[in-house]
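Computed from the coordinates by the stated procedures, all read-outs in this text should not be read as laboratory data. What you are looking at is a predicted structure, and each value in this text was computed from that prediction instead of being measured.
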Amino acid sequence: MNERFKALINSEKPVLVDFYADWCESCKLVAPMLKTVKKDFRQVKVAKVNVDHNPVIAHAFGIRSLPTVILFKKGKPQLMVIGLESVNKIREVVGNYLRLQARLHYPLHFFNSFFSHLQSIFFPVVSVEQFK
């Protein structure tokens, strides 16, 4: 697989990749949609892969229908949109993914201290000596 592509998708930032072909009429409608999505979600990078020029990359990710858009993070596909979808649908899918990731990556120490506090309120530590 192309080393430049590997480096791109291995980013810490999410990367939205548009798999397309020049002969695909629907694919021509996706590029402007992804520009809109990029404006809405500045933390997302956008890239394009021509499947006719890069068949190894297309095969590696099982691209069988065009257009296909895959969101990668740290080199792994996180979500896939197959076929022509509306810009609102792409926006919704990407937005839901980013919101979920933000919740999952909330600082763990916050949750630990919060749950410790709740535990002390609802399940106070009682020494065995109190029951003798």
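Relative contact order for the stretch 1-71: 48 percent, from Cα pairs under 8 Å spaced at least 6 residues apart, divided by residue count.
Distant-in-sequence amide contacts of A47, defined by a placed amide H-H separation under 5 Å and a gap of 5 or more residues or a different chain, comprise L16, V17, D18. Taking every alpha-carbon pair in the stretch 1-108 and binning the separations at 10 Å intervals from zero gives 14, 50, 30, 5, 1 percent. Under a 5 Å amide H cut-off, with hydrogens placed 1.01 Å from N, N10 pairs with G75 among residues at least 5 apart or on other chains.
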